[in-house]
Amino acid sequence: MGLSLTPTLVLSQALTLILVLTLALQTLLTGWFVLRVRRLLQQRQHWPDEPQGGWPEAEVVLCLRGADPSLASALAALAAQSYAGRWRLQLVVDSRADPAWSVAEASLAALEACGRASWQTAGLQPLEQRPRRGSLKSASLRQAFAGLHPTTALVALVDADAIVSAQWLSDLARACCQPGIGAVSGNRWYQTKGRSLAGRVRAAWNGGALVLMTLLQIPWGGCLAVRREVIDAGVWSELLSRSLCEDTSLIQPLRQLGWRYAFRPELITLGQDDSLPLGPLAAWISRQLLTARLHHPAWPLVALHGAGSALLLGTASAWLLLGRSGLLAGTLALYELGCVGLLLWIETTAVAALAGPDVKNDPGRRGEPLWRRTWDWLSCLPATQLVYGLALWRACCDRQVRWRGVTYRVLGRGPSGGPGVEARALDD
């Protein structure tokens with residue numbers, strides 16, 4: 001009987017050891033992220049108040065399909081920019097019939113009528129040609145790039161659901177004007193108010209994604225600035241003609257042109273919407289992973305992290321039910337508590353870096369007791385790990401993805417990783 005138990009004990013001990021080592025590795029990665037953020041924030045303190053050569057003329061591009069509830073607020077935040085240089089706003093809407101058109105048109109008119117707009121000009125145009133290949137957003141960006149003002153030296157991209165601070169454009173310009181830097185971006189931190197399960201799952205998944213994206217240099221298009229030279233070179237624009245998204249496809253063109261990408265923690269923006277149900281949230285996470293699979297050279301590492309974690313936790317949980325190992329049960333509980341501790345560490349670091357006015361005026365979770373924050377993370381962690389595993393499987397296997405009411409089919413992948421991906425719109 002003792003011999004028959006040996007394989008069970010061996011596997012239990014092996015799973016226990018792997019759980020401990022995995023938690024240790026995740027602790028090292030989180031520690032690296034925390035130190036990286038602190039160093040970057042300290043580095044910024046030594047920058048001159050004005051970029052060398054003066055403030056570049058900038059152009060902010062916002063692509064719209066559907067009227068986000070925060071669109072009017074996002075445009076008001078852009079109008080309130082304290083940028084010392086000249087800058088222009090360019091909006092590309094899917095069509096004049098799109099609900100975003102009337103909202104954007106009314107908001108721009110109201111902001112300019114009351115003299116609250118800091119931009120020199122604001123343009124609103126429909127997407128002229130729906131692409132046969134590539135996504136609608138990529139086509140909108142290509143159209144915007146073709147219409148850039150001749151004196152524009154810096155191009156910034158922003159999402160309609162991002163409420164940026166008054167210093168947002170200035171922070172982008174100062175960071176992107178550093179020597180050797182061709183593009184910079186921030187990231188998003190979710191701090192939901194309603195505490196729905198889906199909202200907490202998205203926040204927990206995003207916490208881990210924030211660390212990986214910083215470590216692997218994966219840009220975020222919701223807050224992104226690019227030098228004009230990168231666009232004029234044409235490599236990135238050519239990729240956009242057959243790409244699903246713009247941000248993860250940027251790294252290879254930058255490297256080909258000899259520029260570097262930089263993550264900037266002061267550009268982290270706050271997301272508080274938790275209205276997305278759990279089912280659509282899984283599809284949303286899957287699409288985020290798919291863009292890395294299709295366009296970023298570090299996808300194998302992202303897949304290894306996600307698949308390894310899902311396989312480890314699934315095997316440990318199944319074996320625990322079958323083998324009834326007390327050691328494994330204790331280690332698994334320790335692993336989950338350790339992950340909660342890492343999320344608290346990531347949260348403290350991200351919230352401290354947030355520059356948005358909503359955070360400065362409302363400390364939010366920073367004013368909550370530790371036990372409440374701990375319980376929020378702990379209660380959603382198993383669901384997060386399950387959703388992450390399912391979303392990763394979909395990102396690896398799906399040949400279609402639905403985004404903003406349009407279904408795209410992935411047609412192929414180029415030999416160099418991210419570049420060369422093609423997608424075709426199937427229906428509206």
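A short reminder: the numbers here are calculations on the coordinates, not readings from a lab. Fair warning: this is a prediction, and the values are worked out from it, not measured in the lab. Cβ atoms come from the backbone with ideal geometry, glycine included; neighbour counts cover every protein chain shown.
Overview of results
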read-out	value
Percentage, to the nearest whole number, of Cα pairs in the stretch 236-289 over 16 Å apart	64 percent
Extension gain, ALA80 back to ARG38 (0.36 nm per residue minus Cα-Cα distance, nm)	12.3 nm
Taking the C-alpha atoms of the stretch 198-346, convex hull volume expressed per residue in Å³	138 Å³
Over the stretch 97-179, volume per residue of the alpha carbon convex hull, in Å³	141 Å³
Global form of the stretch 155-222, assessed from the alpha-carbon gyration tensor, a/c cut-off 1.5	oblate
Cα gyration tensor, the stretch 99-249 - rounded (a/c under 1.5), prolate or oblate	rounded
Reciprocal of mean inverse Cα separation for the chain (Kirkwood radius, Å)	22.8 Å
Positive-end residue, the stretch 45-198 charge dipole about Cα centroid, Cβ charges, pick of SER140, ALA80, SER118	SER140
Gyration tensor verdict on the stretch 16-142 (Cα atoms; rounded if a/c is under 1.5, prolate if a/b is larger than b/c, oblate otherwise)	oblate
Relative contact order %, the stretch 32-117, counting alpha carbon pairs below 8 Å whose residues are six or more apart	34 percent
In degrees, nearest ten, helix 326-353 long axis to first principal axis of the chain (Cα)	20 degrees
